[in-house]
Amino acid sequence: MHKEAAIRQPLILGHKSYGDITNDVCEPIEGRAPKGWYILFTFALIIGTYGVGAIMYLLGTGIGTWGLNKTIGWAWDITNFVWWVGIGHAGTLISAVLLLFRQKWRFAINRSAEAMTIFAVFMAGLYPLMHMGRLWVGYWTFPIPNQFGSLWVNFNSPLLWDVFAISTYLSVSVVFWYIGLIPDFATLRDRAKKPVAKKMYSILSFGWSGRAKQWNRFELVSLVLAGLATPLVFSVHSIVSFDFATSVIPGWHTTIFPPYFVAGAVFSGFAMVQTLMLTIRKAFKLEAYLHVKHIEYMNIVIMVTGSIVGVAYISELFISWYSGVEYEGYAFFNRATGPYWWAYASMMTCNVVSPQLMWFKKLRTSILFTFFISIVVNIGMWFERFVIIVTSIHRDYLPSAWSMHYPTHIDVGIFVGTIGLFFVFYLLFMRYFPVLPIAELKTIVKSSSEYYKNLPDTHHDDNHESDEHHNTNNH
Amino acid sequence: MADRVFYAMYDDDDVLKKGAKKLVAKGIKVAEVFSPMPIHGIDPIIGVKNTRLGIMAFIYGLTGLCLATLGMYYIMIVDWPMNVGGKPNETYLENMLAFVPVTFEFTVLCAAHGMALTYFLRNKTLPGMPSSNPDPRTTDNMFVMEVRLSENSQYSQEELQQMISESGIVELDQREI
């Protein structure tokens, strides 16, 4: 068993037995949904349906229904795409990177964060599909032998890299999430009393029985998937940034983009996790498993990644002047002081100033403040993408072509609609899936729960001799 | 032939581990352990070998790497070389840098999915498969050790029962199979 320093705060408060963990996670799923859930679900469903309607209208009429023009050929569509992909990054990051670093606090958030990843990447994926205009030929983005004179996709194009990156990321995240879910579905299956629930969970649990060999494989597969997913997370958002960085547009053509996008993605992803988890812990009464310490850890990640993003903004600004390239310089000067100054100012305030407040212990341990900042950060990160994309192209080399972007109600409808759809999926997840990893939480009870930590030391000593049989892939 | 199976139930993983060690020391073969969570260190005691899925993941990844390289070599160099701005792609090496992202993604894709599929098949966990844990509580808070009489014929049924009962169990379930 892993020993943990006594000074380290417990991750599970109170005296929780294995049975208590099962009950605490399963009961909210098995009982009737609270009224609040129905209200939120209806609300999300209405917004989501509106979004679907807007998408249908767009597909039926054409991309002209977006507020794009000759100068600004990319605006809300790609902004929303990058925003959602960014949000989708924290999930696998939390699961994979924190697993590799043996961070036990990940168990409080990994399941929900992975679900968030998957739903966010769904939403992100909608935008490029819509932008194609003809959804039904979306498969043309894959290198499939064809009869159009052997017309292949272009492997030199970052947009194609994106196809591979996003689809790999989505499918690997789903597998990672689902493999972790199987033992917990088995728990729900074995507890289920109603026949329909029993049947559903027994299909979902794939017949998991919890044999020693199955667990042995489970741990290795989780570890190897984490090892594969970690570079994947970094590569995916780097590739998303290549969409811009490999172009020749001043303001986009920057080598700093990959690390800066990855940091930004983690930053916004953790903020979204905070927003969602603070709601879940309250609704499901999971305060014992996700308490102030976890929130503080996440706030520290937000602070660090927010600072990286801040440094990136400032170096970008400095280098644009230092490079001596007029066009580069103008792109940034215009960004900060031109007609879109307000977007730049919102971005700077939300992303650079607000995370710095987390230096104060009082603020980063305040739940209300965290919730507020998590929303501010996500607004800021939306503006970041908007600023990068629109302000760089709205004043191009020909002043006669200079323009502004005015979103139409379809732009807004689709964006708001994807937020609605995201919450539809997320609320369904909350309702029917275990929101905490039941099996994995049980593995940290003895090392990190308040009760066991406060036991006198002698209690642990009786299994010293077993330490030589340490499994190599435990965590 | 009918076989008698003992399901020794424990409410704590460490007690089970100690119990298993004691029984194994007496030459008893533990057929299986069912638990609601991974019990670290139980595998060497009951003789479960470490999985080789990691090696498979590496092989799948290597396959992906080769497929991606060959695919892009054929598509971009052999079948339809492009001339972008007077810079034709004549050889794979000259263009390799542009192929790195997709090669990497495809390697990860094959390694992850190949491993996951092998994992499901080897575990015999597939959609709709029936579960085989002896007690529904083994996915909640019970840790169960399975001992078969046929595999421990040096002891009588009573002797086995006696020894299992002394290993810290909370319940003993016996079944004829």
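Structure notes:
- The single condition among (1) touching a strand residue (DSSP E or B) at 6+ places or on another chain (Cβ under 6 Å); (2) facing chain A (nearest Cβ under 7 Å); (3) more than 26 Å from A:Ile438 (Cβ to Cβ) that B:Val5 does not satisfy is (2).
- Of the numbered criteria (1) in a loop (DSSP other than H, G, I, E, B); (2) facing chain B (nearest Cβ under 7 Å); (3) farther than 19 Å from B:Glu146 by Cβ; (4) not aliphatic (A, V, I, L, M), the one A:Lys193 fails is (2).
- If you filter segment A:318-372 down to residues that are polar (S, T, N, Q) and surrounded by fewer than 18 Cβ atoms within 10 Å (Cβ to Cβ), you find that the one that is farthest from A:Tyr297 (Cα to Cα) is A:Ser323.
- Test: residue in segment A:433-455 that is away from every other protein chain (no Cβ under 14 Å) and modelled with pLDDT of 90 or more: yes
- Condition met for A:Val175 (within 8 Å of chain B (Cβ to nearest Cβ), assigned to a helix (DSSP H, G or I) and either under 21 Å from the mean Cα position of the chain (by Cα) or touching a residue at least 40 places away in the same chain (Cβ under 8 Å) (or both)): yes
- Tally of residues being more than 14 Å from every other protein chain (Cβ to nearest Cβ), part of a loop (DSSP other than H, G, I, E, B) and of a type in the set (A, V, I, L, M) across segment A:111-160: 0
- Single residue of A:Leu232, A:Leu220 found to be closer than 30 Å to A:Ser392 by Cα, surrounded by 19 or more Cβ atoms within 10 Å (Cβ to Cβ) and either over 27 Å from the mean Cα position of the chain (by Cα) or within 7 Å of chain B (Cβ to nearest Cβ) (or both): A:Leu232
- Boolean, A:His253 is outside any helix (DSSP H, G or I) and either closer than 27 Å to B:Tyr60 by Cα or more than 10 Å from chain B (Cβ to nearest Cβ) (or both): yes
- Qualifying residue in segment A:107-125 (condition: β-branched (Val, Ile, Thr) and over 9 Å from the mean Cα position of the chain (by Cα)): yes
- Screening B:Lys17, B:Lys29 for residues that are more than 10 Å from chain A (Cβ to nearest Cβ) and basic (Lys, Arg) leaves exactly one candidate, B:Lys29.
- If only residues of segment A:196-217 that are part of a helix (DSSP H, G or I) and of a type outside the set (A, V, I, L, M, F, W, C) are counted, the one that is surrounded by the most Cβ atoms within 10 Å (Cβ to Cβ) is A:Arg217.
- Residues (of a type outside the set (Val, Ile, Thr) and facing chain A (nearest Cβ under 7 Å)) located in segment B:125-138: B:Leu126, B:Pro127, B:Gly128, B:Met129, B:Pro130, B:Ser131, B:Ser132, B:Asn133, B:Pro136
- Residue tally, condition closer than 18 Å to B:Val48 by Cβ and either in contact with a Pro (Cβ under 7 Å, 6 or more places away or on another chain) or more than 7 Å from chain B (Cβ to nearest Cβ) (or both), over segment A:203-217: 3
- Among the residues of segment A:58-75, none qualifies, meaning not one is touching a Lys or Arg at 6+ places or on another chain (Cβ under 7 Å) and either in contact (Cβ under 8 Å) with a residue 12 or more places away in the chain or farther than 13 Å from A:Ser173 by Cβ (or both).
- Matching option when the condition is within 20 Å of A:Val82 (Cβ to Cβ), assigned to a helix (DSSP H, G or I) and of a type in the set (A, V, I, L, M, F, W, C), among A:Met277, A:Met303, A:Met347: A:Met347
- Scanning segment B:86-115 for residues that are of a type in the set (Asp, Glu) and more than 9 Å from every other protein chain (Cβ to nearest Cβ) yields B:Glu90, B:Glu94.
The values are calculated or read from the model by the stated rules, or taken from the named source; none is laboratory data. No experiment lies behind these values; they were computed from the predicted model shown. All Cβ positions, glycine included, derive from the backbone under ideal geometry; neighbour counts span all protein chains shown.
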